[in-house]
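A quick write-up on the structure given underneath.
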Amino acid sequence: MPAAAGNPDGPVAVGYDGSEPSQLAVRWAVGYAAATGRQLKVIHAWVWPVFTKNLGPVKGVEGSGLRHAAEATLQEGVDLARSVAAGLETGPAAGPKAGLRIDGVIEPGLPAQVLRAAAHGASVLAVGHRGMGRFLGQLVGSACLDLAVHAPCPFMVVRYPDRPGQPIAAGIDEKPRREQVVAEAARMAAALNVPLQLIHMAEEQQHAPHGRHAPLHGKELLDQAVELARSLAPAVPVEGVLLERHPAPKDLLTAAAQADVLVLGAHHREGHPGSTVSSALERALCNVLIVR
């Protein structure tokens, strides 16, 4: 398959901060790394050096200090990943899942900065949709918007547990990025052995150009995307869904509500991923994968 952003053969990277959403992200990342035969990289952003120099242990208190707390958080994430992986290895489909390599990375800095750097060369970067506590939660929330624009690989925001057997959905529009969206969605559907649903939100064409070089839209564009997906993943059932009559982002989210993952292309302007991606990050009823 053609490569989308990032390295399709690279590790699965996941951010961990100790919060419940990040635990969910680790569980998703372990499952996807196992399904694709990839290494797993658990990343912890150690934010406190940005705000204070008092990082060492408290005198006379064993195991104290902000650095120790950060290292313990990373180890907690690695231990969780190993526990989830061990469950996969002893399950009914243990064969190809055995021997998952899991590494931990800790770096000082704000979440988006650390995750961007640590995810270079990854096949996908996964995070939870919220962080730990009000303050860190705000940092992680802003990191999601930043990474939707600047992540060096496809960016997964894990909002819900896996829905085994449910399709991968992809929002297809007129932008050039759609072929990368189709390729990444087809790759994921093939790896997870689930159907693929391509959803096109057709825009009204008041003065559409004609001729052999006119851009595709509507059913023609959707049919081309379905054909591409089938050529990339011949074993995957592919369905095309056309949304007409001035669809809004909420219509796309409604159409994808029963999917396991919704794949979208980020079409950012001045550091913003676009209204559809922003709506999905805030309101999607499934996990969201953003392709740049």
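The values are calculated or read from the model by the stated rules, or taken from the named source; none is laboratory data. This structure is a prediction, so every number in the text was calculated from the model and none was measured. Because the Cβ atoms are built from the backbone with ideal geometry, glycine has one as well, and the counts that use them run over all protein chains shown. We work out accessible area using only protein heavy atoms, side chains counted, and drop any ligands, DNA or RNA first. Shrake-Rupley method; radii C 1.70, N 1.55, O 1.52, S 1.80 Å.
Amide H to amide H, with H built 1.01 Å from N, Ala122 comes under 5 Å of Asn7, counting only residues 5 or more places away or on other chains.
The amide H of Ile106, built 1.01 Å from its N in the peptide plane, has His44 as neighbours under 5 Å, considering only residues 5 or more places off or on other chains. When each of the peptides 276-287, 22-33 is scored by how many other beta carbons lie within 10 Å of its residues on average, the order from highest to lowest is 22-33, 276-287.
When the residues Met201, Met156 are ordered by accessible surface, computed with a 1.4 Å probe over the protein chains alone, the sequence from largest down reads Met201, Met156. Note: relative contact order over segment 219-292, using C-alpha pairs below 8 Å and six or more positions apart, is 28 percent.
Determine the gain in length on full extension of the stretch Arg67-Leu242; use 0.36 nm per residue of separation and subtract their C-alpha separation, reporting nm with one decimal.
Full-extension gain reported as 57.8 nm.
Between Ser142 and Glu220, how high is the FRET efficiency from 1/(1 + (r/R0)^6) when r is the Cβ-Cβ distance and R₀ = 30 Å? Nearest 0.05.
Numbers: r = 39 Å, r/R0 = 1.30.
Between Ser142 and Glu220 the formula returns 0.15.
Taking label positions 7 Å along the Cα-Cβ direction at both Arg283 and Gln75, the computed distance is 4.4 nm, reported to one decimal. Note on Arg163: accessible area is roughly 60 Å² with a 1.4 Å probe, heavy atoms of protein only.
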